[in-house]
1. Can you go through 83, 20, 74 and tell me which one is part of a loop (DSSP other than H, G, I, E, B) and surrounded by 16 or more Cβ atoms within 10 Å (Cβ to Cβ)?
2. Looking at the stretch 35-71, which of the residues that are in contact (Cβ under 8 Å) with a residue 60 or more places away in the chain and in a loop (DSSP other than H, G, I, E, B) is farthest from residue 87 (Cα to Cα)?
3. Filter the stretch 147-167 for residues that are loosely packed, with under 13 Cβ neighbours inside 10 Å and in contact with a strand residue (DSSP E or B) (Cβ under 6 Å, 6 or more places away or on another chain); which is farthest from residue 37 (Cα to Cα)?
4. Among 230, 260, 191, which is the only one that is more than 30 Å from residue 41 (Cα to Cα), modelled with pLDDT of 90 or more and surrounded by 23 or more Cβ atoms within 10 Å (Cβ to Cβ)?
5. Could you tell me how many of the residues in the stretch 275-288 are crowded, with 19+ Cβ neighbours inside 10 Å and either farther than 15 Å from residue 30 by Cβ or modelled with pLDDT of 95 or more (or both)?
6. Here is a list: 175, 179. Which entry is buried (at least 18 other Cβ atoms within 10 Å of the Cβ), at pLDDT 90 or above, touching a helix residue (DSSP H, G or I) at 6+ places or on another chain (Cβ under 9 Å) and farther than 30 Å from residue 17 by Cα?
7. Collect the residues in the stretch 108-121 that are more than 25 Å from residue 51 (Cα to Cα) and modelled with pLDDT of 95 or more, keeping them in residue-number order.
8. What do you reckon, is residue 291 farther than 16 Å from residue 228 by Cβ and crowded, with 18+ Cβ neighbours inside 10 Å?
């Protein structure tokens, strides 16, 4: 098994970095959080031209035909930049659930979102989505917005959907695979967000001073930052392992282990980064708020840590009996 990106994947990740930075970097997420979606939607169109939105759609259907490893690389970069929009739903979840016509539309750049009862009961950014789906009682429905909510993440606007049709029954194995893919993409985003918060913390620790010295020189703080580095470095191989084990008997367990580790690492990064920044980290003006909100929101999305720990436990017990 290869747990490192290929040269092509590295180049793709660098292309994502270049596109986001040239489009405004963190200002895109800040504007989206303040209700201005123009820059975020323009970025969505650029990613459509790159082929990113059709990453998991076959080439025969107009997509990129990428692997789960490609998905991991892409979503880590999206998390690092805090890119707003329902990428998880459009790129990771829905291609495996919708019909061929809808898949072609997603690959071409259509914005879509979805909710899944008991797993992800709220659809993100439904107001900007052209397609809204709801999975209920094992069937895929078209949905309409019934109610919108506030989110801990300023760039995520969740909404409860109501079914708009009789629905299309889904194969349980197909649904499980799609949910695993969404959880895996969320785990990759969490690692990316954690890496960004660690970078922000290290950079700020070099300029913030106490007692006449940069706080980064204090051993206690170095230990905390090192703990974040270790947690993120341990989570990433679990994500790659899950990407490579798709379709195997232990695929569910691998995805759950990756999601738990990524959630824990990102939440640790959020706590330490906020500690380093102090009161400034709480302010709406500081870009750190994008990732401080993203970490708990993604940790709860597509299976909470408790959900995934329970799934791991069930798998272990089932193999022992």
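The values are calculated or read from the model by the stated rules, or taken from the named source; none is laboratory data. Values in this document were obtained by computation on a predicted structure and should not be read as measured data. Here the Cβ positions follow ideal geometry from the backbone for every residue, glycine too, while neighbour counts run over all protein chains shown.
1. Matching residue, one of 83, 20, 74: 83.
2. 67
3. Ranking the candidates gives 165 first.
4. Of 230, 260, 191, the one residue that is more than 30 Å from residue 41 (Cα to Cα), modelled with pLDDT of 90 or more and surrounded by 23 or more Cβ atoms within 10 Å (Cβ to Cβ) is 260.
5. Result for the stretch 275-288: 2.
6. Answer to the check: 175.
7. Listed by number, the list holds a single entry, 116.
8. no
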